[in-house]
1. Quick one: net charge of Gly108's neighbours, Cβ under 15 Å, K/R +1, D/E -1?
2. Could you compute the net charge surrounding Ser78? Neighbours are other residues with a C-beta less than 12 Å from the C-beta of Ser78; K and R count +1, D and E count -1.
3. Between Thr12 and Ala128, what is the FRET efficiency for a Förster distance of 22 Å, r being their Cβ-Cβ separation, to the nearest 0.05?
4. Taking K and R as +1 and D and E as -1, what net charge do the other residues with C-beta under 13 Å from the C-beta of Gly94 add up to?
5. I need the helices of the chain that pass two filters: whole DSSP H segments spanning 20 Å or more by Cα along the axis, and mean Kyte-Doolittle score no lower than -1.0.
6. Can you give the FRET efficiency to the nearest 0.05 for Asp116 and Asp95, using r as the Cβ-Cβ distance and R₀ = 25 Å?
7. Just to be sure I follow: if Rg is taken over the C-alpha atoms of segment 50-91 and Rh is the Kirkwood radius over the same atoms, what is Rg/Rh?
8. Distance cut-off 22 Å, Cα to Cα: go down the list Lys3/Lys105; Lys3/Lys110; Lys110/Lys134; Lys3/Lys134; Lys110/Lys141 and report the pairs above it.
Amino acid sequence: MKKILITYWSGTGNTEQMANLVAEGASGDGIEVILKNVSETSTDDVKNADAVALGCPAMGDEVLEESEMEPFVDSISSIVEGKPCVIFGSFGWGDGKWMRDWYEKMEGYKAKLVADEGLMVNGEPAGADEDSCKELGKTLKDSIS
Ligand SMILES: Cc1cc2nc3c(=O)[nH]c(=O)nc-3n(C[C@H](O)[C@H](O)[C@H](O)COP(=O)(O)O)c2cc1C
């Protein structure tokens with residue numbers, strides 16, 4: 001059975017809601033979806049997954065959350081090479097610089113980014129944003145089906 005890992009950091013629950021929707025879109029077709037907070041996620045979880053979705057909101061000054069998510073992302077730099085990946089996260093007031101920088105970082109790791117850009121949602125996902133999150137999960141699933 002193919003496995004999709006969805007791991008995220010979320011302070012106030014918006015990116016967590018996105019992760020739940022990505023998981024919904026990735027489910028079905030005999031895929032095992034593993035949804036975890038980054039604090040419970042190991043590098044082996046990434047190794048063992050056929051595809052990975054990573055979620056983190058814009059924090060600090062347009063950066064990834066620095067105590068858990070950024071070190072985790074750095075720790076999987078060699079593991080994601082060639083692995084289908086997508087990235088997503090919620091933001092508040094910025095222009096998405098954190099997501100563009102993160103996408104570039106993942107490209108530098110040679111991850112196989114299967115969506116053209118990271119998915120950003122302003123605040124809580126609602127309406128069309130919910131569909132975009134589910135679609136992102138489906139895109140990831142389709143990349144390994
Ligand atoms: C400490 C802190 C720093 C933040 N920095 C940014 C930022 O640089 N740019 C931005 O667009 N939003 C920023 N935000 C807003 C969050 O990205 C936004 O509230 C998001 O919805 C939080 O997602 P979460 O509920 O998954 O934690 C910041 C929020 C906090 C608490």
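Computed from the coordinates by the stated procedures, all read-outs in this text should not be read as laboratory data. No experiment lies behind these values; they were computed from the predicted model shown. Every residue, glycine as well, gets a Cβ built from its backbone with ideal geometry; the counts of neighbours run over all protein chains shown.
1. Result for the neighbourhood of Gly108: -1.
2. Combined, the nearby Lys, Arg, Asp and Glu give +1.
3. The calculated FRET efficiency here is 0.55.
4. Taking every other residue near Gly94 into account, the sum is -2.
5. 128-144
6. E between Asp116 and Asp95, to the nearest 0.05, is 0.90.
7. Ratio of gyration radius to Kirkwood radius: 0.99.
8. Listed pairs above 22 Å: Lys3/Lys105; Lys110/Lys134.
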